[in-house]
Amino acid sequence: MLKVNLMNLPDDEDQPKKPEQNIPEVPTVTDRKKMDFSFFDPDEEPVAETITETPASPPEEPLRQEENPFSVAEEDLSEEEPDYDSAFPKTRLFVFIGIGVVLILGALFLIYKLYRPGTTEAPAAGQNIERPASTGENLTTPPPPAIPPALQSRYRQNMARNTEGLRFTRGFLNSGAKNTDHTLIVYTSDQILTSVLANSRDDIARYRQAVKSRFPNLQLNIETVEDKFVNGRKKLLAGFSIPIKPGRGGSAPVPSASPLTFQEFQSQLRALQKKYGIKTAYRKVGERRRERSLNITYFYTTLTGSRTAIMNFLKEVTQRFPGMKINKLSIYPNGATSLSQGRVNARLEISYFAPQS
Amino acid sequence: MAERINSISFHDNYLCWAELEVNSSQHINLVRVAESPLPFTLNYNTLKTGGSAGQAAQLLGELAEEHRFSAEESRFLLSARFGLIKKIMLDNTLSSVPLRDLIRYEMQETLTSAAEEFIFYQPDYRREWNAAPNALTIAFRKDVYNFFVLVGKKANLNVTEMNLNCFALDELVRRLFPNLIGQVLLVNFTDHGFELNISDEKGFLDYRFHPYSKSLESIESIDEAEVCESFGKMISSLLHPEAVDHSLYSISHLFVFGAAFKPGWLEKLQPYSETPIKILDPFESSEWQIGCEDAILRSLGASRFVEVLANVF
C-alpha cells in the first residue's frame, strides 16, 4: 500500500534524479553495450528531417532554474518565528501597479478605436458621390474583421506545426511491416516517439526499413528492446525516438474567419467530437497567460474513438482551428494491445491563442 | 511489546489527538482521545501571521497536560486539502526528458502560485491508467510544511511521521477489511465538505474535496436536508461528471464516517446512492482487533475517530 511520510523528503541534488529511481514501471534506457543491435546500422542514418517553424514561437521552456525545491531549509525552523510581513506589501504594490497599467492600456485602446485615422466622414448635402455599380450582390453584409498581423503570424506557425505533426502521426500509423504493430506514437515539438510490438528482431528491422522508405530523411534511434508477453506469446517491444529540428515558419494560407475565443473553440471542438462519434475521457483547462497581444490558454484532453474517427477528427481540427497549437499528441490503444485493434486514445496537450479582447 | 503512539489529525479548524497502543498481534487499543477546535482557521493569512504555530503548540500542550498523553512518538495526519495530489500520465519512451522536470512541468499547469513555493513529493506508486504509467505527485506548500514542523517542535513532540489522511485512510481500509473487492469510496464528513477517497484492491486511485455549498459553509450552519442533497450532488458529480461522457469510476463499496457525521443520517443518505452505504466502523474488523476501554468513547462510535486510527499503520 502507499506509504507517504512528508518528514522523510528525498534529498535533492543539483543534478536531476535518474528517471528509473522514481517510477519503477517506466522502462529505462537499456545499456547499448548489452543489447543486440546487430540488425541496426547507425552509419546508414542521414541528417534528421526538419519541420518548418518560426524560431520566434514562444519558448517551450516550462522550467525555471532555481534553488533546491525538495529541501526544507533548517534556518526556517528557528525559535523566533519568521516575519512574513515585509514581503507582503511589495506583492500588493506590484499587483496595484499591474492593475493600473492594464487600465491605462485599456483606455488607450478605446481611444484608438474611437479616433483612429482614416475614418470616412459623411458626405456633405448636395455632393455627388460616385458609388460603384451594383453587381447584384448583397453589399450590406459587413466584411469579416481583419486578423491582426501578430495573430496571422501565430496562425501560420500553428498550422504548419500541426499539419506536420499530423502528417508524421498518420504516416507512422500507416507504416509498418508484417508482424509489427504500433502500441504508442507520440509527437512533440522536438521529437517523435514510437513503440512497436514485433515477433522478432528481423521484424523490427523490416519495420525500420518500411518507415525509412516513407520518410527517407528521418533518423530513427532505437532506445529500448524488451520482451513482452501478449496473449501468452512472447514478443519484442521496441521503442524508437526520432529527433525533429525546428525550421522556418510555414506559408500555408490562414483561414479568413474571425478569431474564436477559447470558449467558442471548446464548444466547436465538442460539436466536432459528436460529429465523429468521439468520447472525452479527460478534459482540463490549465494555465492562462498573456503574451504580447495574445491570450494563451493551455488545454489538456484525452479522446477515445476508432482509429479512423480520431485521425479524421484531428485532420479537421488542424484545418479549422488555426489558433490551436498541438504541443503534444499521444496515440495509444484503448483496452487493446496495439493501435491496429479496437479503439484508440488520443491525448492532446494544446496551447490556444486568441486575441486579447 | 506494545508500542504507544500519539496520533494527531489536523483539519483547517479542528484537531483530534488519540493515544494508541499497538501490538504486533494486530491489536490496537484506543487509550485516550481528545478533540478540540483550533484557535484559528488554517489558511493563507493565518499561516503568514506570526504566532499561529505557537498558538497551536500551546493548545497541544494544554491537551497533553489535561488528558495526560504520554506516548513518546507522535505522528501528524494532515487533511489532504493541505496538499495537491495529482497523477501524471507518462509516456514509456520519453527517455530524453528527465522525469523530475516532466512532473514539475505538468504540476505547474495546475499550481495556483509559483513552483518554488511548493515541495514535490513522489511516493512509490505503481499504477497504470489507460495503458500508460502514472506517476503520483504530491505538491505541498512549504509554508504549510514548515508550519506543522514548527508546531511539533514548539509542542516538544517527537514527530516521526507526517502523512496525508487520504493515504492513511486507504491503508486503514485495506488492512481492516482486506477482502473488499472492487472500487471503494470513502466519504469523510468534515466541517466544510466531503473528503473523498477512491481506491481499489491495487491501491490508491483518487482524492477529491466536495464542499457542502459553494460558499464553503460549515456543516453546523446547514440543515440535514441540505447535507443529504449535497451528498447526492457529490455522488452525481463523481459518477456522472459533466466534462466527460462516461463515469471514471465504478464504486462497489461506499463508506461514510468523520467527526461531522451523524449516524442517524445513514438512512436519509441511501436514496442518493445506488451503492449501499455503510458506516466505516473499525470495531467491525475481523482482521484487527480494535479495543477501547473508555465507555464514553465507545458510545461516540469509532467512525468518529477513523483518521487518528489510520495513522498507526
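The values are calculated or read from the model by the stated rules, or taken from the named source; none is laboratory data. Note that the structure is a prediction, hence the values are computed from the model and not measured. Heads up, the Cβs are rebuilt from the backbone with ideal geometry, glycines too, and the neighbour counts pull from every protein chain shown.
A few notes on this one:
- From the list A:292, A:270, the lone residue that is within 11 Å of chain B (Cβ to nearest Cβ) and surrounded by fewer than 18 Cβ atoms within 10 Å (Cβ to Cβ) is A:270.
- Scan of the range B:33-82 for residues that are among the aliphatic types (A, V, I, L, M) and closer than 27 Å to residue B:22 by Cα, ordered by number: B:33, B:34, B:56, B:57, B:59, B:60, B:63, B:64, B:71, B:77, B:78, B:80
- Residue within the range B:274-281 that is in contact with a Phe, Trp or Tyr (Cβ under 6 Å, 6 or more places away or on another chain), charged (D, E, K, R) and not in a loop (DSSP other than H, G, I, E, B) present: yes
- A count restricted to the range B:168-205 and to residues that are of a type in the set (Asp, Glu) and within 12 Å of another protein chain (Cβ to nearest Cβ) stands at 4.
- Residues that are among the small types (Gly, Ala, Ser), modelled with pLDDT of 85 or more and within 20 Å of residue A:344 (Cα to Cα), drawn from the range A:148-176: A:165, A:171
- Residue in the range B:70-87 that is of a type in the set (Phe, Trp, Tyr), in contact with an Asp or Glu (Cβ under 9 Å, 6 or more places away or on another chain) and at pLDDT 90 or above present: yes
- Qualifying position, being assigned to a helix (DSSP H, G or I) and without any contact (Cβ under 8 Å) to a residue 40 or more places away in the chain, among A:167, A:208: A:167
- Taken together, the criteria exclude residue A:196 from residues that are touching a residue at least 24 places away in the same chain (Cβ under 8 Å), of a type in the set (Val, Ile, Thr), part of a helix (DSSP H, G or I) and touching a helix residue (DSSP H, G or I) at 6+ places or on another chain (Cβ under 9 Å).
- For the range A:279-289, a residue qualifies if it is surrounded by 13 or more Cβ atoms within 10 Å (Cβ to Cβ) and more than 9 Å from chain B (Cβ to nearest Cβ), and exactly one does: A:285.
- Residues in the range B:286-313 that are polar (S, T, N, Q) and surrounded by 19 or more Cβ atoms within 10 Å (Cβ to Cβ): B:303, B:311.
- Subset of the range B:160-199 that is crowded, with 23+ Cβ neighbours inside 10 Å and among the charged types (D, E, K, R) - its residue that is nearest to residue B:36 (Cα to Cα): B:195
- Meeting the requirement of 1 or more residues that are among the β-branched types (Val, Ile, Thr) and within 23 Å of residue B:55 (Cα to Cα), the strands (runs of 3 or more DSSP E) wholly within the range B:141-216 are B:158-164.
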